[in-house]
1. Could you check Val78 against (1) crowded, with 18+ Cβ neighbours inside 10 Å; (2) part of a strand (DSSP E or B) and say which number it fails?
2. In region 124-144, what residues are free of Cβ contacts under 8 Å to residues at least 40 places away in the same chain and either more than 10 Å from the ligand (Cβ to nearest atom) or surrounded by fewer than 17 Cβ atoms within 10 Å (Cβ to Cβ) (or both)?
3. Just wondering, is there one or more residues in region 445-452 that are within 16 Å of the ligand (Cβ to nearest atom), at pLDDT 95 or above and in contact with a helix residue (DSSP H, G or I) (Cβ under 9 Å, 6 or more places away or on another chain)?
4. State all residues of region 329-344 that are near the ligand (Cβ under 9 Å from one of its atoms) and in a loop (DSSP other than H, G, I, E, B); if no residue qualifies, say none.
5. May I ask you to say which residue of Ala422, Ala492, Ala502, Ala511 is more than 22 Å from Ile352 (Cα to Cα) and in contact with a Pro (Cβ under 6 Å, 6 or more places away or on another chain)?
6. Any residue at all in region 102-112 that is without any contact (Cβ under 8 Å) to a residue 40 or more places away in the chain, more than 16 Å from the ligand (Cβ to nearest atom) and closer than 23 Å to Ile498 by Cα?
7. Which helices (runs of 4 or more DSSP H) sit wholly inside region 85-189 and have at least 1 residues that are of a type outside the set (D, E, K, R), on the phi < 0 side of the Ramachandran plot and touching a His at 6+ places or on another chain (Cβ under 7 Å)?
8. Can you name the strands (runs of 3 or more DSSP E) wholly within region 205-255 that have at least 3 residues being more than 9 Å from the ligand (Cβ to nearest atom) and among the hydroxyl-bearing types (Ser, Thr, Tyr)?
Amino acid sequence: MSILVHIAVLPHQQQDLDYILELALAEEKLRRDAISDWRIRKRSLDARRKPIKVNLQIELWPKPEKRESIPPFVPQNVSKAKRIAIIGAGPAGLYAALRAVEAGLKPIVFERGKDVRERRRDLAAINKDQIVNPDSNYCFGEGGAGTYSDGKLYTRSKKRGNVLKALEWFVHFGAEENILIDAHPHIGTNKLPKIITAMRQTIIDNGGEVHFNSKMTDLRLKESAIDSIQINHEEWFAFDDVILATGHSARDIFYLLHKKNIRIEAKPFAIGVRVEHQQQLIDYIQYHGEADNPYLPPASYALVEQVDGLAVYSFCMCPGGIIAPCATEQTEVVTNGWSPSKRNNPYANSGIVVSVAPKDLPNFKEGDPFVGLNFQKEVEKRCWEAGGKTQKVPAQRMIDFVEGKLSVDFPKTSYQPGIVSADLNEILPALLLQPLKKAFVAFGKKMKGYYTNEAVLHAPESRTSSPVSIPRDPQTLEHVEVKGLYPCGEGAGYAGGIISAAIDGINCVDAILEKTSKKGV
Ligand SMILES: Cc1cc2nc3c(=O)[nH]c(=O)nc-3n(C[C@H](O)[C@H](O)[C@H](O)COP(=O)(O)OP(=O)(O)OC[C@H]3O[C@@H](n4cnc5c(N)ncnc54)[C@H](O)[C@@H]3O)c2cc1C
């Protein structure tokens, strides 16, 4: 058995592997020649106080123990295997397809958007020409909403084995092994497309299929079970099992299910603004004045505050990041954030969002699945109008927002389509205003310097999670009313990020396998 040792080093010592090994061996009173191998197993930064330290968990293998290598991903040739449909090639859909190929099912993936390379042109059109393609944008296309994201891979999921498997597959397809070690692993937008392409190639090389520009537009049931799906309003395909992994922005899927009398429900979600500070300021605050230490990564933050019974919290904080235009329709604006692997942009952005339950919302009616979605749409549309009906977003300096003053000028923004000065007090719903204002002031007390007029609010941050859930049986993972339909990932309400969506994709395929083995098919 290996031995785990906990040590702490200073940031400038973390590259000195000889020193690290020496410390770990001394801790265990072992000599160098008594071990066959070693590795850093976990790494986290402790910046709560000075001196800032790097906590390391070291794994030592005393002789004659041997280190096990990462379990390989072993695909099967599934060209003649039982077919399953996977709708959506986001993390949930891609991991479902990979699991199918590993376990001996033939995945047929239908993705409404384009492949990662083609998708880039549509992202450029949003940023430069203010044109949103409703099927190819920051949310839709190969890799899903995760492709041009920050690629932060941490999750609140407690099932360590599942998380590790999802991370190991990322490494198998090209991510750096560091993601297996870091407490807050991160890949970066520049590296994700290559990894996603490698995943797709493995699916196809082993007999699976991936179809782009292929939107599911209808479905048919037979005796409360899935019968067939329609693609692009044209062709129908029969399937016994359909994994529906269409993400939080596929509103047409929610409308379709509702029209077909397939149960969907309103669920809590969060909505607010995206805030941008200078990264140097965040480094200064978080690193107790050590803003220029070259051995420290660009600092992040996580903030939460209860205000008048509502939780206000930071969401998807991107150190060294860029604010992205994430609308999926021309007549709305939506922000989110991404960052490259080096996180070397001068800005720090984060969603600051208010968690709202359906019953908190105006127009709440018991049993109305669309109360949250309508609220979300209304906010996005009002911001679009205030931004001048382009992809520019309304913006306001932080203290100006709290004091109700229009901002007369702005520091440079990372949001490429541009910003328009507006009083967000007149645009955002009243429900969000006091919670956001009180939270900003409170955050300024927790992080001295955070509450500043140098920070700019970009509105809205509205796609943090799905405002609708598609209920499923907790055991079989099938829709509560439709056999063979597997609501999956973030859009269905079963994931909140890349890794949890990926794990949910694996789980849905495992549920199909279990059903198939019980039937003896
Ligand atoms: C800019 C940005 C940054 C983010 N940063 C992070 C981060 O750093 N870390 C993190 O964990 N999460 C991040 N997220 C969230 C993360 O991307 C999502 O949680 C995750 O992608 C959800 O996975 P999913 O597979 O469930 O859905 P999605 O990724 O949304 O994928 C759904 C897919 O289904 C397709 N689709 C939709 N409708 C249809 C249809 N009718 N027919 C066929 N295909 C359809 C879509 O085109 C899409 O490709 C970010 C999101 C954005 C937008």
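The values are calculated or read from the model by the stated rules, or taken from the named source; none is laboratory data. The structure presented is a predicted model; accordingly, all values stated were derived computationally and were not measured. FYI the Cβ positions are ideal-geometry reconstructions off the backbone, even for glycines, and counts take in every protein chain you see.
1. Status for Val78: all satisfied but (2).
2. Within region 124-144, Ala124, Ala125, Asp129, Asn133 qualify.
3. No, region 445-452 has no match at all.
4. Hits for region 329-344 are Val334, Ser339.
5. None of the other options fit; the residue is Ala502.
6. yes
7. Because the criterion is at least 1 residues that are of a type outside the set (D, E, K, R), on the phi < 0 side of the Ramachandran plot and touching a His at 6+ places or on another chain (Cβ under 7 Å), no helices (runs of 4 or more DSSP H) in region 85-189 meet it.
8. Once the strands (runs of 3 or more DSSP E) in region 205-255 are filtered for at least 3 residues that are more than 9 Å from the ligand (Cβ to nearest atom) and among the hydroxyl-bearing types (Ser, Thr, Tyr), nothing remains.
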